[in-house]
Amino acid sequence: MPIDLTPLSVRELDALIRAARARHTTLTERPPAAQVRRLLAAQARTAGYTIEEIFGTDAAMVPPEPKGRARRKRGKVEPKYRDPENRRNTWTGRGRMPRWLAAKTKHGRSVADFLIPGVARLTPKAQAATGRRRLVKHS
């Protein structure tokens, strides 16, 4: 795991070293998890319980609660729009309209003018941006 330390000042490096030493001490001084598990199981047995009664049958298997709204990851999509003046400028039709396309549509050109041949239709966002629906089919 390479970490680029070149932009850090001496003060920042010293703080990083102190934090790393503290973390190292914490990790090396605590007992192994297997040992703690054995101790907990022994204490549960002496109190008349089993580990499953205390922690549940699949307590270790339960994932943590999500911290916010879960978003579904969407797959990669081929670009649908390309700038004829700079072929590296492309847009898939997802997310905000890129600056290069917004600037060109602002000056009167249609989003459909930038469709890559072979793409059947405009995206809904692009339709809303143009103000009219237009279907372009390429054979």
Cross-chain or 6+ apart pairs with Cβ under 9 Å, the stretch 1-28 first and modelled with pLDDT under 90, then small (Gly, Ala, Ser) and open to solvent by 80 Å² or more (accessible area, probe 1.4 Å): none
Residues within the stretch 85-139 that are surrounded by fewer than 10 Cβ atoms within 10 Å (Cβ to Cβ), under 28 Å from the mean Cα position of the chain (by Cα) and either hydrophobic (A, V, I, L, M, F, W, C) or at pLDDT 90 or above (or both), tallied: 3
Output for the stretch 2-21, where each listed residue is among the basic types (Lys, Arg) and surrounded by 10 or more Cβ atoms within 10 Å (Cβ to Cβ): ARG18, ARG21
Filter result for GLU53 (among the acidic types (Asp, Glu), open to solvent by 100 Å² or more (accessible area, probe 1.4 Å) and either closer than 30 Å to THR90 by Cα or modelled with pLDDT of 80 or more (or both)): yes
Filtered residues of the stretch 56-75 (kept if β-branched (Val, Ile, Thr) and at pLDDT 80 or above): none
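The values are calculated or read from the model by the stated rules, or taken from the named source; none is laboratory data. Small disclaimer: the values here were computed from a predicted structure and weren't measured. No Cβ is skipped: glycine too gets one built from the backbone with ideal geometry, and neighbour counts run over all protein chains shown. Surface accessibility is based on the protein's heavy atoms, side chains included, excluding ligands, DNA and RNA. Shrake-Rupley method; radii C 1.70, N 1.55, O 1.52, S 1.80 Å.
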